[in-house]
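*Asks:* Let me give you the structure first, and then I'll get to my questions.
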Amino acid sequence: MTATTAAARDHARAQAGSITDAMPVVPASAWPSPPEGVAPHRLTWAESVPGGRYTSKVLTRGTRIRLRDVAGAACAHVMLYRADAPWERLNVADTVKVPWQAYLGAGHPLLSDQGRVLATVVSDTSGRHDALCGTTTLRTNTARYGAGEAHSPSPAGRELFVLAAAKNGLKPRDVPPSLSFFHGVRAGARGGLVSTGSAGADTAVELVLHLPLIVVLVNTAHPLDPSPTFETTTLEVIAWDAPDDLDDITEADPEYLRAVANSDDAWNATTFDKDLQR
């Protein structure tokens with residue numbers, strides 16, 4: 001089928017329109033199963049990310065993202081950067097400290113180091129997440145699986161984050177600790193961290209963005225995954241335009257409201273209509 005250049009071309013073109021578990025769909029409106037109540041034309045990102053792969057996207061304020069653990073063994077390691085000022089990025093310590101809550105769930109703000117909420121978790125059917133362990137490294141994956149390089153059968157999260165960062169003009173030093181969705185961790189009675197694993201297949205987490213962001217996702221095993229073999233499965237990523245969802249958030253804690261006000265202030269400063277000054 002691919003013995004000649006012409007045959008290889010014809011074979012490649014014959015795949016047009018096919019959707020696999022390892023590709024983005026462009027345009028996103030062609031995704032075959034948009035979320036209920038969301039018109040296809042509102043989709044801005046639709047992608048399947050297999051285990052051991054990564055992806056990233058620049059998304060605007062008011063975007064809603066749904067991450068879905070398709071088969072029950074995905075682990076979505078997440079990093080967020082302000083698109084217009086990427087030196088401001090997700091700060092895991094503040095994300096835990098400011099809302100007085102170490103365990104992620106619906107209503108939890110994802111904060112930057114400048115007191116702004118970058119995104120809010122608005123829906124969660126998993127309940128198995130982690131803001132304490134970060135992602136895996138070359139050393140840890142090599143020790144557990146025999147390899148951890150980006151292009152190995154068991155790539156480490158840090159290695160994949162570095163590649164994703166480079167594609168957005170960022171350097172390895174710009175990759176701080178990340179959050180993880182779909183693999184739970186709890187602090188034990190003596191302070192040690194204990195894996196609670198996955199909640200199973202077809203669970204989802206949804207975020208709403210408060211600022212334009214570079215969203216980086218790495219789908220690889222969690223540092224506390226007890227399996228001796230690399231078994232990470234597909235992560236589904238769907239995003240759509242939903243600016244009104246920001247108005248529907250009802251969190252009222254003063255720390256949250258202050259962080260939202262800081263984000264709104266930054267947004268208003270960059271989108272101010274100069275015609276109003278005339």
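*Asks:* Mind checking the dipole of the range 6-68: about its Cα centre, +1 per Lys or Arg Cβ, -1 per Asp or Glu Cβ, Debye to the nearest 20?
*Replies:* 260 debye
*Asks:* Once neighbouring chains are kept in place and the probe is 1.4 Å, which whole percent of the accessible area of the chain is contributed by carbon and sulfur?
*Replies:* 53 percent
*Asks:* If you put +1 on each Lys and Arg Cβ and -1 on each Asp and Glu Cβ, how big is the dipole of the range 36-164 around its Cα centre, in Debye rounded to 20? The partial results should precede the final answer.
*Replies:* Working: 15 positive and 11 negative charges, 20 e Å.
Charge dipole, the range 36-164, about its Cα centre: 100 debye, nearest 20.
*Asks:* Leaving ligands, DNA and RNA out of it, rank 64, 186 by accessible area with a 1.4 Å probe, largest first.
*Replies:* 186, 64
*Asks:* So, one more: Want the number for residue 10 to residue 103: 0.36 nm per residue separation, take away the alpha-carbon distance, what's left?
*Replies:* Using 0.36 nm per residue and subtracting the Cα-Cα distance, I get 28.4 nm.
*Asks:* Also, I was wondering about something else. So what does log10 I(q)/I(0) come out to for the chain at q = 0.07, 0.09, 0.11, 0.13 Å⁻¹, using the Debye formula with one equal point on every Cα and no solvent?
*Replies:* Scattering profile of the chain, log10 relative to I(0): -0.27, -0.43, -0.64, -0.88.
*Asks:* Could you tell me which of rounded, prolate or oblate describes the range 109-149, using a ≥ b ≥ c as the square roots of the eigenvalues of the alpha-carbon gyration tensor, with rounded for a/c under 1.5 and, failing that, prolate when a/b is larger than b/c and oblate otherwise?
*Replies:* Verdict is oblate for the range 109-149.
*Asks:* While we're on this one: From the protein chains alone at 1.4 Å, what is the descending order of accessible area for 23, 79, largest first?
*Replies:* Output order, biggest surface exposure first: 23, 79.
*Asks:* Oh, and also: Hey, can you find the accessible area per residue of the chain for me, probe 1.4 Å, expressed in square angstrom?
*Replies:* Numbers: 13470 Å² over 278 residues.
Heavy-atom SASA per residue in the chain reads 48 Å².
*Asks:* Return the single residue from 13, 158, 53 with maximal mean-square fluctuation; model: Gaussian network over the chain, springs between Cα atoms under 10 Å.
*Replies:* Maximum among the listed residues: 13.
*Asks:* Based solely on C-alpha atoms, express the radius of gyration and the Dmax of the range 51-138 in angstrom.
*Replies:* 13.3, 37
*Asks:* Given 37 °C and 0.692 mPa s, compute D for the range 63-111 with the Stokes-Einstein relation, Rh being the Kirkwood radius over Cα pairs; round to the nearest whole µm²/s.
*Replies:* Details: Rh = 12.8 Å.
The estimated diffusion coefficient comes to 257 µm²/s.
*Asks:* Does the range 1-120 classify as rounded, prolate or oblate by the C-alpha gyration tensor (a ≥ b ≥ c root eigenvalues; a/c under 1.5 gives rounded; else a/b over b/c gives prolate, otherwise oblate)?
*Replies:* Since a/c reaches 1.5 and a/b is larger than b/c, the shape of the range 1-120 is classed as prolate.
*Asks:* While we're on this one: Quick check for you: which residues of the range 58-83 have the amide N under 19 Å from the point 7 Å beyond the Cα of residue 140 toward its beta carbon?
*Replies:* Label zone hits: 73-80.
*Asks:* Still on this structure, I have one more. Can you sort 75, 133 by solvent-accessible area, 1.4 Å probe, largest first?
*Replies:* My answer, sorted largest first, is 133, 75.
*Asks:* A further question on this structure: Give the Debye-formula value of log10 I(q)/I(0) at each listed q (0.12, 0.22 Å⁻¹), with one equal scatterer per alpha carbon of the range 93-184, two decimals each.
*Replies:* Here the Debye-derived log intensity ratios amount to -0.46, -1.13.
The values are calculated or read from the model by the stated rules, or taken from the named source; none is laboratory data. Only a predicted model underlies this, so the values are computations on that prediction, with no experimental measurement involved. Cβ coordinates were reconstructed from backbone atoms using ideal geometry, including for glycine residues, and neighbour counts include every protein chain displayed. What goes into the accessible areas is simple: the full protein's heavy atoms, side chains included, and nothing from ligands, DNA or RNA. Shrake-Rupley method; radii C 1.70, N 1.55, O 1.52, S 1.80 Å.
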